[in-house]
Amino acid sequence: MHSLTSPNLINGGTNENTGRSFLGRNGTSSFTHFAGEEPVSTLGDFWRLYSDILWENGRHKSTCKLFVLEADDFLRASGISDFGDATVDALVGHYRKKGNRNSTINRKLAAIFKLLKKAERGGHIARLPTYLRLRERNNRVRFLTSDEERRIFDSIGSRNLHHKLLAIFLIDTGARVGEALALKWADVQNGNATFWITKSGRSRTIPLTQRALDAIEACREFGPAAGPFIRVPYQNFKYNWDTSKKECGLESDPNMVPHILRHTCASRLVQAGIDLRRVQTFLGHQTIQMTLRYAHLATNDLQQCARALNSLHH
């Protein structure tokens, strides 16, 4: 087994937070444990110990588990015994050989560092390695035209009305699929919806369009349930989506996935002149940089700049 330890620990020492001692490369282990405890020294160990504390059950947790175990397998196969800056570089190189983009690498390392930070606090490592977030390119944002929306929604609805109602809700709220599926009836109050299970871990409340409200209300026809979309299995919805994509001649477009509904909502808000800070809050983006992907669509706002400058000369 490899041991995930910072280069600063190779000569041994004591963790300041817990008082646990650790040994360096010439010792028996880079991590210590109390008598009778199983050694905790790998990403896999940290996942088993801390995953339930750090992540709620759901698709995001499952994705993070894949990221962590992928890195764990790579480190084991490479015989890497330290988790320092050089190991981070090795992981980045490994991901790039697999064809991962910087945005994907950032997401993978974010999950790993979240786990390592908890391990540091638990006394299993003394210091985190250094990692600077990789620059991400602002790739072209694909969103649905009104005609594409009509065609694909009609196709989805021809097989499953519940799925069509979900798609309508997603495009009018910008919610992630997992957020919508977890929505409960009690979360819809006074024309607003509150999403509690979010990617950022922070709840958010947004006002609903009349179309989104009508879609939710129509879901009551499918029988009693804790929420409007809780009975919709994601895999079934995704299968219907893919079938409709083919029927509409869009199967060759790699961006034509359910998440495009979120992009479409964001794009429409920006094109309607809503400022980026409000769009950020509406969508639940953790940073404004994520929202800036849509900034190029706000061309009408630039006219205000010209009008303001013109007013100074008249």
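The values are calculated or read from the model by the stated rules, or taken from the named source; none is laboratory data. The shown structure was predicted, so the numbers you read here are calculated from the model rather than taken from an experiment. No Cβ is skipped: glycine too gets one built from the backbone with ideal geometry, and neighbour counts run over all protein chains shown.
Key figures
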| item | result |
| --- | --- |
| Among the residues listed as Asp187, Asp172, the single one being touching a Lys or Arg at 6+ places or on another chain (Cβ under 6 Å), surrounded by 15 or more Cβ atoms within 10 Å (Cβ to Cβ), under 25 Å from Met290 (Cβ atoms) and at pLDDT 95 or above | Asp172 |
| Residues within region 188-229 that are over 27 Å from Ile152 (Cβ atoms) and under 25 Å from the mean Cα position of the chain (by Cα), tallied | 9 |
| Selected residue [more than 20 Å from Thr63 (Cβ to Cβ), in the same structural domain as Asn240 (by TED's automatic domain parsing) and out of contact with any His (no Cβ under 7 Å at 6 or more places or on another chain)] from Ala226, Ala175 | Ala226 |
| Some residue of region 92-111 being over 30 Å from Lys245 (Cα atoms), surrounded by 15 or more Cβ atoms within 10 Å (Cβ to Cβ) and of a type in the set (D, E, K, R) | no |
| Region 283-292, residues that are part of a helix (DSSP H, G or I) and either buried (at least 19 other Cβ atoms within 10 Å of the Cβ) or small (Gly, Ala, Ser) (or both) | Leu283, Thr291 |
| Residues of region 64-77 classified as in contact with a helix residue (DSSP H, G or I) (Cβ under 8 Å, 6 or more places away or on another chain), surrounded by fewer than 17 Cβ atoms within 10 Å (Cβ to Cβ) and without any contact (Cβ under 8 Å) to a residue 24 or more places away in the chain, total | 1 |
| Any chance Asn100 is modelled with pLDDT of 85 or more and in a loop (DSSP other than H, G, I, E, B) | yes |
| Inter-residue pairs, beta-carbon under 8 Å, first among the acidic types (Asp, Glu) and in region 271-282, second in a helix (DSSP H, G or I), 6+ apart | Asp275/Asp301 |
| Matching residues in region 53-63 - criterion: being in contact (Cβ under 8 Å) with a residue 60 or more places away in the chain and part of a helix (DSSP H, G or I) | Ile53, Leu54, Arg59, His60 |
| Tally of residues being over 21 Å from the mean Cα position of the chain (by Cα) and either outside the structural domain of Gly44 (by TED's automatic domain parsing) or without any contact (Cβ under 8 Å) to a residue 12 or more places away in the chain (or both) across region 80-118 | 3 |
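Yes or no, residue by residue, for (1) touching a strand residue (DSSP E or B) at 6+ places or on another chain (Cβ under 7 Å); (2) of a type in the set (D, E, K, R):
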residue	(1), (2)
Pro129	no, no
Glu136	no, yes
Asp147	no, yes
Arg159	no, yes
Phe169	no, no
Leu183	yes, no
Ala186	no, no
Thr194	yes, no
Ile197	no, no
